[in-house]
1. If you add up the charges near residue 125, with Lys and Arg at +1 and Asp and Glu at -1, over every other residue whose beta carbon is less than 13 angstrom from its beta carbon, what do you get?
2. My understanding is that a pair violates if its Cα-Cα distance is over 24 Å; which of 92/166; 135/170; 91/135; 92/182 do that in this structure?
3. Return the loop-located chymotrypsin sites (Phe, Trp or Tyr not before Pro) in the range 93-141 (DSSP other than H, G, I, E, B) with at most 11 other Cβ atoms within 10 Å of their own Cβ; answer none if there are none.
4. What is the distance in Å between the Cα centroid of the range 226-257 and that of the range 143-176?
5. Can you work out the Karplus-derived ³J(HN,Hα) for every residue in the range 164-177? Use 6.51 cos²θ - 1.76 cosθ + 1.60 with θ = phi - 60°, whole Hz, and x for glycine or proline.
6. In the range 94-133, what trypsin sites (Lys or Arg not before Pro) fall in a loop by DSSP, with at most 12 other Cβ atoms inside 10 Å?
7. From the C-alpha gyration tensor of the range 77-186, pull out the three semi-axes of the equivalent ellipsoid (sqrt of 5λ each), sorted largest to smallest, in whole Å.
8. To one decimal place, what orientation-averaged projected area in nm² is obtained for the convex hull of the Cα set of the range 14-158?
Amino acid sequence: MSVKMSETLKIKPKILVGVILGLVLLTLNLIIYTVDTTEYAVVTQFGNPVNTVLQPGLRIKLPEPIQSVQRFDNRVQIYEAEPLELLTSDKKSVKVDYYGTWRITDPVTYMKTVKDKVGAEARLQDVFSSSLGVKLGQYNLDELISVDTNKLKLNAMMQDTVRKSKEKAKEYGIEVVDAQIKVLNFPEANKQSVFARMKAEREQMAKKYRSEGSEEAAKIRADAEKEQKILLSEAYKQAQKLKGEGDAEAIKIYGEAFQKDSKFYEFTRALETYEKTIDEKTTLVLPSNSEILKYLENGKVGK
């Protein structure tokens, strides 16, 4: 009997320690919580926010149900919107398929106004659709869809939409980061007229490019012809100069030859004349004292 009593006394301290440790762990679990790097935390006391935690780490609170922790994703999130049918400034109906990106900036305001992601996206649908409808209604269709990039204002329209959406989303503790159009389409009734207009614009641009090409080709031809005339003029000038220099050199040579032997010079000149004017079929009728007959005698050159 005494042995059993001693064994029971030995077991009770172990049980007591285990109970105490269990209570400590339970208490710590109730008052200590962690905040991840991807989230914000709001501590509420009987449903009212009393503390906002924006940085990750271990935190302490009162045990539930006195205080509770609401967690919200702090990363950029994507809102996939339903396509909208809107009107442009020139009353053309377009179908807009778009998406937006957003994140929580004020978790307390977010919790009070939209509560969760489902509520946030319901508000964002109103924010994006109204902002996009207002801004798209300020542009004509040919400013949103055009083959002329200088005329295209789609990016400017989306930037205006993002700015307006940012202003509206602030009241929900949300920051609109960006919004982009995935597809800008037309109802079936409008497609043919839009395609016809785009085709006409493309043909107009093609005519413009052809006209500019013809103008440039004409300019190149004119420059080439001008350069040709200049080159021919320079060549003719050079040829005349060389010819003049050659004639002058010939005259000089003839003059020097005449000075050395005038009779021989006259003789060679006469031979050149005969060679140019007389052949086997030539008949000359000249007076006997003609100078040209001076070196001819019975068809032969005389002495």
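1. Details: positive: 117, 123, 168; negative: 80, 82, 121, 126.
Residues close to residue 125 contribute a combined charge of -1.
2. Values: 92/166 27 Å; 135/170 19 Å; 91/135 13 Å; 92/182 19 Å.
Long pairs (Cα-Cα over 24 Å): 92/166.
3. Here no chymotrypsin sites (Phe, Trp or Tyr not before Pro) fit, given the DSSP loop and packing criteria.
4. With the range 226-257 and the range 143-176 each reduced to a Cα centre, they are spaced 76 Å.
5. Values, residue by residue: 5, 5, 4, 4, 6, 6, 4, 5, 9, x, 10, 10, 7, 7 Hz.
6. On the way: sites: 95, 103, 112, 115, 117, 123; in loops: 115.
Counting only loop positions with at most 12 other Cβ atoms within 10 Å, the trypsin sites (Lys or Arg not before Pro) in the range 94-133 are 115.
7. Values: eigenvalues 158, 31, 24 Å².
They are 28, 12, 11 Å, listed from largest to smallest.
8. Value for the range 14-158: 12.3 nm².
Here, each number is a calculation from the coordinates, and none is a lab measurement. The structure presented is a predicted model; accordingly, all values stated were derived computationally and were not measured. Heads up, the Cβs are rebuilt from the backbone with ideal geometry, glycines too, and the neighbour counts pull from every protein chain shown.
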